[in-house]
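Report on the following structure.
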Amino acid sequence: MAEKEARLAEAFERIEETILPCIAMMLDTLLDASQSVAENERRFLVGELKTLAAELEELTQVVERSSPSHVEPGEYRARGAA
C-alpha cells in the first residue's frame, strides 16, 4: 500500500509541475488570441475549450481511479480559493 501511495504522490507532483502549468499556458494563449478576434467570430474557442475539457476529464478519471480514497468534487477548489 505504501508503494501505491508513493506512486500516487509522485503522479500528483508530476501533474502539478507539468500538466497544470501547460493548461494555464493554453488558457492564456486562448484568451490572448480571443482578444484580437471580433466577438462574433470567436467560435474557434469553443472547439479548443472542448478539447481541453475532454483532456481534463480524462485526467480526472485517471486520478480518481488511482486514488486510494474518494475525493468529493469541490474539495480541492475550496482549498485553492482560500
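List of remarks:
Conditions (1) of a type outside the set (Asp, Glu); (2) part of a helix (DSSP H, G or I); (3) surrounded by 10 or more Cβ atoms within 10 Å (Cβ to Cβ); (4) within 19 Å of the chain's Cα centre (by Cα), marked per residue:
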{"site": "Glu5", "(1), (2), (3), (4)": "no, yes, yes, no"}
{"site": "Glu16", "(1), (2), (3), (4)": "no, yes, yes, yes"}
{"site": "Leu20", "(1), (2), (3), (4)": "yes, yes, yes, yes"}
{"site": "Met26", "(1), (2), (3), (4)": "yes, yes, yes, yes"}
{"site": "Leu30", "(1), (2), (3), (4)": "yes, yes, yes, yes"}
{"site": "Ala33", "(1), (2), (3), (4)": "yes, yes, yes, no"}
{"site": "Val37", "(1), (2), (3), (4)": "yes, no, yes, no"}
{"site": "Val46", "(1), (2), (3), (4)": "yes, yes, no, yes"}
{"site": "Lys50", "(1), (2), (3), (4)": "yes, yes, yes, yes"}
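- First in the stretch 30-52 and without any contact (Cβ under 8 Å) to a residue 40 or more places away in the chain and among the small types (Gly, Ala, Ser), second anywhere and surrounded by 13 or more Cβ atoms within 10 Å (Cβ to Cβ) and not in a helix (DSSP H, G or I), Cβ under 8 Å, 6 or more apart: Ser34/Arg42
The numbers here are math on the coordinates, done by the rules we state, and not lab data. Note that the structure is a prediction, hence the values are computed from the model and not measured. All Cβ positions, glycine included, derive from the backbone under ideal geometry; neighbour counts span all protein chains shown.
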